[in-house]
Number of protein chains: 2
Amino acid sequence: MNYKIDNLQYCNWSREIFEINREAELDAVHVTVVYHEDYDELLKRVDEWNIYFKDNSDLIFHGKSYKDIKKAKEQKRTAIFFGFQNCSPIEDDINLVEKVHHLGCKFMQLTYNNQSLLATGCYEKIDSGVTNFGKEVIKEMNRVGIVIDMSHSAEKSTFDAIEISEKPIAITHANPLFWYKAIRNKSNELLKTLADSGGMIGLSLYPHHLKDGSNCNLENFCEMIAKTAELIGVKNIGIGSDLCLKQPDTIVEWMRNGTWTKTKNYGEGSKNKPGFPKQPAWFEDARGFKNLETGLKKIGFNQDEVEGILGNNWYNFYKNI
Amino acid sequence: MNYKIDNLQYCNWSREIFEINREAELDAVHVTVVYHEDYDELLKRVDEWNIYFKDNSDLIFHGKSYKDIKKAKEQKRTAIFFGFQNCSPIEDDINLVEKVHHLGCKFMQLTYNNQSLLATGCYEKIDSGVTNFGKEVIKEMNRVGIVIDMSHSAEKSTFDAIEISEKPIAITHANPLFWYKAIRNKSNELLKTLADSGGMIGLSLYPHHLKDGSNCNLENFCEMIAKTAELIGVKNIGIGSDLCLKQPDTIVEWMRNGTWTKTKNYGEGSKNKPGFPKQPAWFEDARGFKNLETGLKKIGFNQDEVEGILGNNWYNFYKNI
């Protein structure tokens, strides 16, 4: 069976978006449940999701195991897997790792852009790697079954996480640095080490990670995928679109600034372009998976490879965790 | 007027200990209010202190300004100044800096032994210095008037803090590395930079920071002070005894392990010596200040210098913040 998986979305959720994801035939989506929320605030986000699940049970349900991806496909619904873009819900307490897993957490970034208690974010000047607490948390995430996600982490921290983790890790949403030099994109060496250890990279459609930004064209994006596949093998590549549909610009401001600064930090944006960037015309939402399919075939990937990139590779990764 | 100040105690507080501190003629004590507590837990600790203040108003009161040190001396009471040994009460929220200041916080360590959101602790392998959030918090601590305390921080982080802070910082409880090689003790270069910037070192009487530990003798300790005074000048030296009177060993276990590990970390101790070490016979509690006075005179300090070390230097530091 073939599956379509988008391994990162953080939309302003509504029935309309769940319908779009169904139209795109997504069998599973890894959604960001929290950025900077602590444990109590996470509980509120989970409550909100429980209402989404109840009100849209014909379209979505809470995914808890890889088997739910098959179930979703059979039922023409989308399995929603929970993830965190920061480790703030576990606060400074290793015992909360098991608790967030019970709440359904499947992916957790060790850092967002800044230093966390676990590791260094990609926007810090110096990267000291995985911390004492970080080493303990990685062990605990391995034990309970939460995937370590290093999308927003700095490079040494990511190498450390790959080495320390007994299970493959993921970079759920980023692109290769060789294609576009963004702080969030990843070096060849890192991508090779990731793939060699069984890890996955979810390629991102977020304009700040794309060559030519919002004007990035499909051919160029697919060429990048072809080169990445040459570099690390096709089996370790998936999609993590980083779609932020219908989010107001106040949200990207909060994502970047949280409560850590009294001045304004523009992250990947700038003073003149502080808001969410416009998606490329061929990937305005998940229905762009169709265009990706066309583009990937055109660039020379065979059917099997295309299906791998658009979902089966993530499916196999889920199966092994 | 001369003042006696102990700039770090974390005792299992009781009327008996407040009496001992009065017997020692301490006009002010900087007490550790929290280690790993978050903001809500801090509120509980402050409530507990308000009960101590109410029940022992003949012995102690809550110190809020340097003027309270004079008031304490005149009233034969001890002014209690609040401090934190970790930045956990401000969580990830810069707005909490002003709030903890309102609660009476006068000193805050940017880290305990591990990496914090602000800087690196002395027990981490790699020290990346003050973080993005840390830079913002230092500015805010400067603004509201909380002293940056780097006693448990790693070296580069401490150099960074001195450089970034517009006000002098403190190392409230540690000793020089030249005297005893403990992870918590500080290098000559760091102590000189600290003093050159107007900062203070509070010399510690905690056996794990002492040459010969619990058997350290008074002469040896005073010799160390004399050498330190030669190195950095006598005006920047005070006492931060780190007394933990009547604390059960479960407390030192919690100080070291907090909730960050499922295994046991022994910090400065070891598997065979996991508990609080025994104080040297000449400094079993703050009444040892008398012995220090004798020892400092014997080693050659004049009256003025002795009074500086035992309190006036800290008084002047408080006055300037």
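A few notes on this one:
- Residue among B:Gly202, B:Gly238, B:Gly198 that is farther than 30 Å from A:Thr259 by Cα and surrounded by fewer than 19 Cβ atoms within 10 Å (Cβ to Cβ): B:Gly198
- Contacts under 6 angstrom Cβ, first residue in the range A:24-38 being within 14 Å of chain B (Cβ to nearest Cβ) and touching a residue at least 60 places away in the same chain (Cβ under 8 Å), partner assigned to a loop (DSSP other than H, G, I, E, B) and buried (at least 22 other Cβ atoms within 10 Å of the Cβ), 6 or more apart: A:Tyr35/A:Gln85; A:Tyr35/A:Asn86; A:His36/A:Asn86
Residue-wise test of (1) acidic (Asp, Glu); (2) at pLDDT 95 or above; (3) crowded, with 24+ Cβ neighbours inside 10 Å.
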site: A:Met1; (1), (2), (3): no, no, no
site: A:Ile17; (1), (2), (3): no, yes, no
site: A:Asn21; (1), (2), (3): no, yes, yes
site: A:His30; (1), (2), (3): no, yes, yes
site: A:Leu43; (1), (2), (3): no, yes, no
site: A:Ser57; (1), (2), (3): no, yes, no
site: A:Lys76; (1), (2), (3): no, yes, no
site: A:Glu98; (1), (2), (3): yes, yes, no
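- Restricting the range A:155-173 to residues that are among the acidic types (Asp, Glu) and within 14 Å of chain B (Cβ to nearest Cβ), the residue that is nearest to the chain's Cα centre (by Cα): A:Glu155
- Of the residues A:Phe53, A:Phe84, A:Phe61, the single one that is among the aromatic types (Phe, Trp, Tyr), surrounded by fewer than 17 Cβ atoms within 10 Å (Cβ to Cβ) and out of contact with any Gly (no Cβ under 8 Å at 6 or more places or on another chain) is A:Phe53.
- Qualifying residue in the range A:265-278 (condition: in a helix (DSSP H, G or I), in contact (Cβ under 8 Å) with a residue 24 or more places away in the chain and in contact with an Asp or Glu (Cβ under 7 Å, 6 or more places away or on another chain)): no
- Selected residue (criterion: modelled with the lowest pLDDT) from residues of the range A:263-286 that are within 14 Å of another protein chain (Cβ to nearest Cβ) and loosely packed, with under 14 Cβ neighbours inside 10 Å: A:Lys264
- Those residues of the range B:87-120 which are out of contact with any strand residue (DSSP E or B) (no Cβ under 6 Å at 6 or more places or on another chain) and of a type in the set (Gly, Ala, Ser), in sequence order: B:Ser88, B:Ser116
- The condition (being more than 15 Å from the chain's Cα centre (by Cα) and on the phi > 0 side of the Ramachandran plot) is satisfied by just one residue among A:Gly269, A:Gly233: A:Gly233.
- Complete set of residues in the range A:298-309 that are over 20 Å from A:Lys67 (Cβ atoms) and either part of a helix (DSSP H, G or I) or touching a residue at least 40 places away in the same chain (Cβ under 8 Å) (or both): A:Lys298, A:Ile299, A:Gly300, A:Phe301, A:Gln303, A:Asp304, A:Glu305, A:Val306, A:Ile309
- You will find that of B:Leu118, B:Leu103, the residue that is crowded, with 24+ Cβ neighbours inside 10 Å and either under 25 Å from B:Asn313 (Cα atoms) or not charged (D, E, K, R) (or both) is B:Leu118 and no other.
- Qualifying residue in the range A:234-255 (condition: part of a helix (DSSP H, G or I) and within 14 Å of another protein chain (Cβ to nearest Cβ)): yes
- Qualifying residue in the range A:243-255 (condition: at pLDDT below 95, surrounded by 16 or more Cβ atoms within 10 Å (Cβ to Cβ) and of a type in the set (Val, Ile, Thr)): yes
- Taking the criterion of being touching a residue at least 60 places away in the same chain (Cβ under 8 Å) and closer than 18 Å to A:His209 by Cα, the residues of the range A:279-293 that qualify are A:Gln279, A:Pro280, A:Trp282, A:Phe283, A:Asp285, A:Ala286, A:Gly288, A:Phe289, A:Leu292.
- Selection within the range B:37-57 - more than 20 Å from the chain's Cα centre (by Cα) and assigned to a loop (DSSP other than H, G, I, E, B): B:Asn56, B:Ser57
- Qualifying residue in the range A:284-295 (condition: closer than 27 Å to A:Glu16 by Cβ and part of a loop (DSSP other than H, G, I, E, B)): yes
- Flag for A:Leu231 being among the hydrophobic types (A, V, I, L, M, F, W, C), away from every other protein chain (no Cβ under 14 Å) and assigned to a helix (DSSP H, G or I): yes
- Every residue from the range B:1-20 that is more than 22 Å from B:Ala174 (Cβ to Cβ) and among the hydrophobic types (A, V, I, L, M, F, W, C): B:Met1, B:Trp13, B:Ile17, B:Phe18, B:Ile20
- Helices (runs of 4 or more DSSP H) completely within the range A:58-154 that count 2 or more residues being under 18 Å from A:Asp40 (Cα atoms) and either facing another protein chain (nearest Cβ under 10 Å) or in contact (Cβ under 8 Å) with a residue 24 or more places away in the chain (or both): A:95-102
- When the criteria are applied in full, B:Trp260 meets the requirement of being within 14 Å of another protein chain (Cβ to nearest Cβ), out of contact with any Lys or Arg (no Cβ under 7 Å at 6 or more places or on another chain) and touching a residue at least 24 places away in the same chain (Cβ under 8 Å).
- Members of the range A:39-52 found to be within 14 Å of chain B (Cβ to nearest Cβ) and under 24 Å from A:Met150 (Cβ atoms), listed by number: A:Tyr39, A:Glu41, A:Leu42
Okay, residues lined up against (1) surrounded by 23 or more Cβ atoms within 10 Å (Cβ to Cβ); (2) in contact with a Lys or Arg (Cβ under 9 Å, 6 or more places away or on another chain); (3) under 24 Å from A:Asp38 (Cβ atoms):
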position	(1), (2), (3)
A:Val130	yes, yes, yes
A:Val137	yes, no, yes
A:Asn142	no, yes, yes
A:Glu155	no, yes, no
A:Lys167	no, no, no
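The values are calculated or read from the model by the stated rules, or taken from the named source; none is laboratory data. Predicted model only: the values in this text are computed from it and were never measured. Positions of Cβ are backbone-derived with ideal geometry, glycine not excepted, and every protein chain shown enters the neighbour counts.
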